[in-house]
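The values are calculated or read from the model by the stated rules, or taken from the named source; none is laboratory data. Please read these numbers as outputs of a predicted model, since none were measured by experiment. In this analysis, Cβ positions are derived from the backbone assuming ideal geometry, glycine residues included, and neighbour counts consider all displayed protein chains.
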Amino acid sequence: MTMFLFQLRNELWKLFGKKRTYIGFIMFLVAQNAILILLRFSHVPKQMARLLQMNGVMAGGNYISILTLGTMMVALIGLSLLPLYAALVGGDLVAKEAEDGSLRMILCRPISRLRLLMLKWLAGVLFAFTLVLSLGLFGLLFASFWFPWGGLFVWPPNFALFNATEGLHRYLFMSVFLLPKTVTIMTMGFMFSCCNMKPAAATILALSLMMISGILQQVPFFSDFQDWFISYHVDIWQSVLAARIPWWKVGQSLSILLGYNVTFLVIGTVMFHVRDIKS
Amino acid sequence: MISLHQARKVFGGRCAVEGLDLEVARGEIFGLLGHNGAGKSTAIGMMLGQVWPTSGAVRVGGYEVTTHRHQALRRVGAIFESPVFYDYLSGWANLEILSHYTAPTSQARLREVIDWVGLTGREKGKVRTYSHGMRARLALAQALLPQPELLILDEPSDGLDPEGIHEMRLTIIRLQRELGLTILLSSHLLNEVEQLCTRIAVLNRGRKVFEGTLAEAVRQKDWVRLRTSDFAAAAKVLAELGLITEHRDERLVAPAAGVGPDALVRALVAREFPIFEIAPEARTLENFYLELMKDKQP
C-alpha cells in the first residue's frame, strides 16, 4: 500500500509538474472574471430583476447575489470548458507518455500494466476533483468582488428561488455533482488514451462522443430515448438546482455513470494490455 | 540469464522476428547486431515484456516474461536509444519516479548511483537543461537503481559525440568488471561491439543469421593479400602449382594446406613476378557483418 501511495504521488508529480495541466485552471480564472465583468457592467442585472419581478419577487429581492452569479458562471463553464479540460487531461494520461517514449522507460520496470493504469486513472480523478473544487471556490470568490451575499435564483430549466443558506447548499451540491461529469469525460478520454493513438486524437474522440450524445439528446424525436444518452446522465448537476431535487433521478444517473466509468476502464485496460509498446 | 526459444512476432502481416533462439549467459557482454528493422528492438521489447510474442518462449532470469513479468524484471535495468525523461522535473525527481516502479529506493541509494554516473551537483537541475551526455548518464543511473543483474542497452551511444561514445564504452566495461553485470548490447556501431562483446548474434529480416563468439565471427579461411603486376596471371600460376586453392577480388589468394606466404613468394619471384605486397588478410567484424548481409540478400 505504501508503494502504491508513493507511485500515486509520483503520478501526481508528473501530472501537476506539466504546464499544460494548468491551462484549465488559468482559463477558468480568465473565463470567470470575464463573465463577471460582463454581467456586472451590462444590463443583465436589470433583466434578471425584471424576470424576478415577473415571478413575484419585488425589486429583485436579494437574489442578484454571489450565489446566483457564481452558479451562472459554474453552469456556463461546466457546460463548455470543463468537458474540454477533462477530456484533454484524460486523453493525455497514457497517450502522451507513449508518444514521448517515457512509457517504454516505465514498462521496463516490474510494474503491471493494470497497476500503472489504475495509478494514472486515480491521478486523473484527483485532477478532476481539483478542477471542480477550484471552479466552485473561485466562482464564489470572484463573484464576491462584484456582488453582495444573498439568496440563489436559478432559471432554466425551472425557475427556482432559495434563501442564502439553502442556496449555498445547492451551490455545493451542484459543484459536487459536477465531479461525476468531469470524471466520466476524463475516463472516456483515458480509455481512448490507452489505445494506440495520439493524445489529441484521444481527446477529440472523447469530446466528439459527448457532443454526438448531446446533439442526439436535443433531437425532440429522441426524447423517449434520453436515458440512453451519456450526456443526459452527466448533467445531473443541473437536477440539484430544481426546487425539489429528484433524488431518484440523481441516483439512477449516478449508477449509470458508474457503469459507464467501469466499462471505459475495462475497455481501456484490455486495449492497453494487448498492445505492444514500441518506440 | 536471457533465453529465447523459437520466439516469433508478427505485426499485422509483417513478421518482425522469426523463430529466434538466443541464449545470453550470466556475466557476459552479448552484442545484438542487425540493420534497421532487423528485429533487434522487437526482440528486446519481448525480453522486457513490452512486446507480446506471437509464439515461442522468452525467459529472463529463469522466469517467463509474459506470465511472470514481475519476477523476470525485478533485477533488470534498461536503456533505450535517445532516452526520454520528464523534462520539466529534476534529474533527482525523474530517478525517484522511475525507481519507485520497481521498489522503494532510499535517498542514499539515489545519491550513490548519481555519484557513480558522475551527475553529483546537477541532480536537482531540470532535465531540460541537461546535455545529451548528461541525459545518457541519467539513463544509466535509472537503469542501475534497481541493483540489476542484467542490463539491456538498446543503442546506448545513439546521438552521443565521439567523446560521449568513448565514455559510454568505458562505463559499460566498468559495469561488467566492477558490478559483474550481464549486459545485452544492441548497437549499430560495429567498432563498439567489437571492443566490448564476447559473443554476438546477427539478425537479418527478423531471422538470426549468426550466433557465436567474436573470434568465431572474424575467423575465416586464411586469405593472403597479394599485390603484383598481373594478379590474374600470378594466381593462375600459383593454382597450377597447387599452392593456392582459390582466389578472389583481384587481390586475395587462399593458400593450400601447409603452404605459407614464403612459398608463394618463392614461386612468384622464380617466375619474375614483381611482388609489391603480401600479407595475411585479417577480417574485421565489419567485413564479417557486411559479408553476412550480402550473403543473406534475396
Using the structure shown, decide if A:Ser239 is free of Cβ contacts under 8 Å to residues at least 12 places away in the same chain and more than 14 Å from chain B (Cβ to nearest Cβ). no
When the range B:59-87 is examined, which residues are found to be more than 25 Å from B:Glu155 (Cβ to Cβ) and either at the interface with chain A (Cβ under 7 Å from one of its Cβ atoms) or among the small types (Gly, Ala, Ser) (or both)? B:Gly62, B:His70
Unique match (being within 30 Å of B:Gly37 (Cα to Cα), surrounded by 18 or more Cβ atoms within 10 Å (Cβ to Cβ) and of a type outside the set (Asp, Glu)) among B:Gly206, B:Gly212: B:Gly206
In the range A:132-160, what residues are outside any strand (DSSP E or B) and surrounded by 18 or more Cβ atoms within 10 Å (Cβ to Cβ)? A:Val132, A:Leu135, A:Gly136, A:Phe138, A:Gly139, A:Leu140, A:Phe142, A:Ala143, A:Phe147, A:Gly150, A:Gly151
Which of the residues that make up the range A:249-279 are within 14 Å of chain B (Cβ to nearest Cβ) and either of a type in the set (Ser, Thr, Tyr) or not in a helix (DSSP H, G or I) (or both)? A:Arg275, A:Asp276, A:Ile277, A:Lys278, A:Ser279
Please find, within the range B:252-298, the residue that is farthest from B:His35 (Cα to Cα) out of those that are part of a helix (DSSP H, G or I) and among the charged types (D, E, K, R). B:Arg266
Taking the residues in the range B:139-148 that are crowded, with 18+ Cβ neighbours inside 10 Å and of a type outside the set (A, V, I, L, M) as candidates, determine which candidate is farthest from the chain's Cα centre (by Cα). B:Pro146
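Checking the condition within 30 Å of A:Thr68 (Cα to Cα) and surrounded by 15 or more Cβ atoms within 10 Å (Cβ to Cβ), which residue from A:Ile215, A:Ile236 passes?
A:Ile236
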At pLDDT 90 or above and surrounded by fewer than 20 Cβ atoms within 10 Å (Cβ to Cβ): is that true of A:Phe129 in this structure? yes
Quick one: which of A:Leu93, A:Leu69 is surrounded by 21 or more Cβ atoms within 10 Å (Cβ to Cβ), within 14 Å of chain B (Cβ to nearest Cβ), within 26 Å of the chain's Cα centre (by Cα) and within 30 Å of A:Gly214 (Cβ to Cβ)? A:Leu93
Does B:Thr102 satisfy being surrounded by 20 or more Cβ atoms within 10 Å (Cβ to Cβ) and assigned to a loop (DSSP other than H, G, I, E, B)? yes
Please state which of the following conditions A:Leu5 fails to meet, knowing it meets all the rest: (1) more than 14 Å from chain B (Cβ to nearest Cβ); (2) farther than 28 Å from A:Lys198 by Cα; (3) part of a helix (DSSP H, G or I). (1)
Just one of (1) within 14 Å of chain B (Cβ to nearest Cβ); (2) within 23 Å of the chain's Cα centre (by Cα); (3) surrounded by 16 or more Cβ atoms within 10 Å (Cβ to Cβ); (4) at pLDDT 85 or above trips up A:Phe16, so point out which. (3)
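Pick out the one residue from B:Gly34, B:Gly39, B:Gly56 that is on the phi > 0 side of the Ramachandran plot, within 14 Å of chain A (Cβ to nearest Cβ) and crowded, with 17+ Cβ neighbours inside 10 Å.
B:Gly39
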When you scan the range A:42-61, do you find a residue that is away from every other protein chain (no Cβ under 14 Å) and in contact with a Pro (Cβ under 9 Å, 6 or more places away or on another chain), even just one? yes
